[in-house]
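The values are calculated or read from the model by the stated rules, or taken from the named source; none is laboratory data. What you see is a predicted model, and the numbers here were worked out from it, not measured in a lab. Ligands, DNA and RNA are excluded from the accessible area calculation, which covers all protein heavy atoms including side chains. Shrake-Rupley method; radii C 1.70, N 1.55, O 1.52, S 1.80 Å.
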Amino acid sequence: MLRIHFTGNDLAGVRTAARPDVLWETILSFHRLRDRRGSVVYREWRSAARARLGGETRLLAALVPSRGYFPDFLTPAEGVHGLDEGLQAIRATDAGRLRGELSLLAADRSGARTVPHSLRALADGGGEPFDRLVGALRSYHRAAIEPYWPHIRARVEADRARRGRALLDGGADELLASLPPMLRWRAPVLEADYPVDRDVHLDGRGLLLQPSYFCRGTPVVLRDPALPPVLVYPVTHGEAPTVREPGGSSLAKLVGQTRSTVLHAIGDGGTTSELARRAGVSLASASQHAGVLREAGLIATLRHGNAVLHTLTPLGAALLGGAQRTVELRCHTGSYARNGPVTS
């Protein structure tokens, strides 16, 4: 069981990541690549990624076992800003921290704290081992993540919009209660099934909620309690935006296929650029269709700084609710627990 303990200050400091974290997605997808139990869910992605990789994953496999602990330094907070920033933060990892986390990895695997030979050069520090690691992460990302990034980002943004609506409706309590079913908010503790018994005390630091495309079944937290607290959880796919089957939607016939897609893409709210990514149209097209939908009373638009936020009106929600034969824009997740074996 995982238990995350909140104080009043922690509740005030709960926030949702602004975008997917490129390194969390990279590392967690490496689990999905080897997860046979997710073969149906990830079959097409896995096949394509393996073909691009050509089997060059030995260094990553040494650092990221198929189950159990992997080092915290592989997922620095800078990963939310992009691959280059994240890799730069990995390269800047303190030598003492590096040796300590690699020793934990060795202990988790074999019960010994001796760093395996394949990772000894990295534990000893120096530029060349880090160059190999950064190169391996970049190559893997290029093959397994980069081609799918727009879809990953759209799914995470849709989940973030849902959490934002919950926060507006009922504050931090409603936000935490809205998380996927494997997470249970029993104030002042957030609980989840977990392979090991663990208590995380936030101690006034708040909590970053990081929705993830490649997280499956079990949320993930960092092992080191001194690091800024983050909870990685699977995006909620059952409530993702939907589109109509080509030629088969009464809504599409009424408002047009593209406009129907944009209306569905709004979900629990989104900016114009988010609508464009979710619907797979240009920014100009998304803006034009949003304007027509707004004039028809189906959506409302609120300006916030340099961006605008579109939300469904009751009429728009009712129109979507009455439409039939929806087809999910599917995003499949996987499961991994940071401090123990994989659980389903």
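Some observations on this one:
- Size descriptors for the range 2-234, from the alpha-carbon set: Rg then Dmax equal 17.8, 53 Å.
- Residue ranking by accessible heavy-atom surface, 1.4 Å probe, largest first, among M1, M182 comes out as M1, M182.
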